[in-house]
1. Suppose we filter Thr272, Thr297, Thr327 for residues that are within 34 Å of the chain's Cα centre (by Cα), outside the structural domain of Leu24 (by TED's automatic domain parsing), surrounded by 15 or more Cβ atoms within 10 Å (Cβ to Cβ) and not charged (D, E, K, R); which single one remains?
2. Does at least one position in the range 254-263 carry a residue that is surrounded by fewer than 21 Cβ atoms within 10 Å (Cβ to Cβ) and polar (S, T, N, Q)?
3. Please verify whether Ile333 is in the same structural domain as Leu259 (by TED's automatic domain parsing), buried (at least 19 other Cβ atoms within 10 Å of the Cβ) and farther than 30 Å from Ile228 by Cβ, treating the condition exactly as stated.
4. Exactly one of these conditions fails for Gly217: (1) surrounded by fewer than 22 Cβ atoms within 10 Å (Cβ to Cβ); (2) at negative phi; (3) in the same structural domain as Asn16 (by TED's automatic domain parsing); (4) at pLDDT 95 or above. Give me its number.
5. Take Arg285 and tell me if it is under 15 Å from Tyr339 (Cβ atoms), in contact with a strand residue (DSSP E or B) (Cβ under 6 Å, 6 or more places away or on another chain) and either touching a residue at least 12 places away in the same chain (Cβ under 8 Å) or surrounded by 19 or more Cβ atoms within 10 Å (Cβ to Cβ) (or both).
6. Please verify whether Leu48 is over 21 Å from Pro239 (Cβ atoms), surrounded by 20 or more Cβ atoms within 10 Å (Cβ to Cβ) and touching a strand residue (DSSP E or B) at 6+ places or on another chain (Cβ under 9 Å), treating the condition exactly as stated.
7. For the range 196-229, name all the residues that are part of a helix (DSSP H, G or I) and either acidic (Asp, Glu) or touching a helix residue (DSSP H, G or I) at 6+ places or on another chain (Cβ under 8 Å) (or both).
8. Looking at (1) surrounded by fewer than 22 Cβ atoms within 10 Å (Cβ to Cβ); (2) in contact with a strand residue (DSSP E or B) (Cβ under 7 Å, 6 or more places away or on another chain), find the lone condition where Arg26 falls short.
Amino acid sequence: MTAPRLEISLDKIFHNASTLVRRLRRSGIAVTGVTKACMGNPSYAATLLAAGVRTIGDSRIENILEMRRAGITAPIALIRPPMLSQAGLVVANADISFNTELDVISALSDAARKTDRRHAVVLMVELGDLREGIMPDDIEETVGHTLSYPNIDLRGIGANLGCFNGVVPDAKNMGELSRLADDLDQHFGASSPSITRDVSGGNSSNLTWAFSGNRIGRINELRLGESILMGIDPLHRQPIEGLHLDAVTLFAEVIESKLKPAQTYGALAHPTFERNTTEHHHGTRNQAILAIGHQDTDPAGLTAPSDIDVLGASSDHLVVKISGRVTKVGNEIAFQPNYSAVLRAMTSPYVTKVFQQRQDANRLT
């Protein structure tokens, strides 16, 4: 089989997604299953839907188009604020979009009106991580303007924490989001009773908060991607109990295997990709080169088998030290990639993607 390649076990993805859906449902929280890391792969999306996610979420309209062309008819949310230039595509293909700018909402309104559609929006609120979001003091005014746009349905409010600066979702900031929802209901509820139908608390970084017995308040939706794919809590890089950690495996092929000096020789300058060159080793080592590099994945995000040490990478080569096996040219080595490595490998056209189908997944949802 072609290498390098990612193998994704949809059975394990189904288990991870259904486990999280079930656990969160006990607290009244629905799950939006995020497909962006898998570039909107329709089989992956269908697996999430079969596992019980309420909505599919993706950050790229191109991925949403791929899923629509493949026959995915379930509700899909564009979870990154839309580009102004893509307003028409967003209205035509996404049911919901997450927004922070009135100019964009106005363009969505124009596109929806011209095509006789309705488009739902969620307004994102800034709660401290300093990525996207309307400042809390401005949310009431923004809601008022949003409600005035024709063919736009205000679906709720949301927040994002952890992804940019690592701000932890906790009782304080989640409580603030709930209070904002209550305030908006009090101010607008008589005329627009559904404006806080959804209160989207965040992403996989919220799971520790959600599972720790905190008061959930108004939070009734989370957007989960990394936790389903990798089985971990992104904030602390810790396994989530009951989830598979090996749903994704990256395979690379050996293109050279030789006994080489353990220490470089010759004058040194800066390598193309910086790595630690100050260590001094003696003797020789069994060294192998694999046909994968920075152009294909994030080498720092690869966990090798216990008898293999990753020494570094260039754009096209991964250099490893072999301790406990005989490795020949043409052999494959399996790595456990982290989220960064998966994201880059999925995007690389040089990495084959193999979605291992579930036994009962013979149709799209």
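The values are calculated or read from the model by the stated rules, or taken from the named source; none is laboratory data. Remember, it's a predicted structure, so these values are computed and weren't measured experimentally. Note that we place each Cβ from the backbone using ideal geometry, even for glycine, and neighbour counts take in every protein chain shown.
1. Details: Thr272 fails: surrounded by 15 or more Cβ atoms within 10 Å (Cβ to Cβ); Thr327 fails: within 34 Å of the chain's Cα centre (by Cα).
Criteria check complete, one pass: Thr297.
2. Step one: list which residues in the range 254-263 are surrounded by fewer than 21 Cβ atoms within 10 Å (Cβ to Cβ), which gives 254-263.
Still in the running and polar (S, T, N, Q): 257, 263.
Among the residues of the range 254-263, at least one is surrounded by fewer than 21 Cβ atoms within 10 Å (Cβ to Cβ) and polar (S, T, N, Q), which makes the answer yes.
3. Details: in the same structural domain as Leu259 (by TED's automatic domain parsing): yes; buried (at least 19 other Cβ atoms within 10 Å of the Cβ): yes; farther than 30 Å from Ile228 by Cβ: no.
The answer is no for Ile333.
4. Single failed check for Gly217: (2).
5. On the way: under 15 Å from Tyr339 (Cβ atoms): no; in contact with a strand residue (DSSP E or B) (Cβ under 6 Å, 6 or more places away or on another chain): yes; either touching a residue at least 12 places away in the same chain (Cβ under 8 Å) or surrounded by 19 or more Cβ atoms within 10 Å (Cβ to Cβ) (or both): yes.
Considered against the rule, which asks whether it is under 15 Å from Tyr339 (Cβ atoms), in contact with a strand residue (DSSP E or B) (Cβ under 6 Å, 6 or more places away or on another chain) and either touching a residue at least 12 places away in the same chain (Cβ under 8 Å) or surrounded by 19 or more Cβ atoms within 10 Å (Cβ to Cβ) (or both), Arg285 comes out as no.
6. No.
7. At the first step, the residues of the range 196-229 found to be part of a helix (DSSP H, G or I) are 204-211, 226-229.
Those that are part of a helix (DSSP H, G or I) and either acidic (Asp, Glu) or touching a helix residue (DSSP H, G or I) at 6+ places or on another chain (Cβ under 8 Å) (or both): Ser204, Asn206, Leu207, Trp209, Ala210, Phe211, Glu226, Ser227, Ile228, Leu229.
8. For Arg26, the exception is condition (2).
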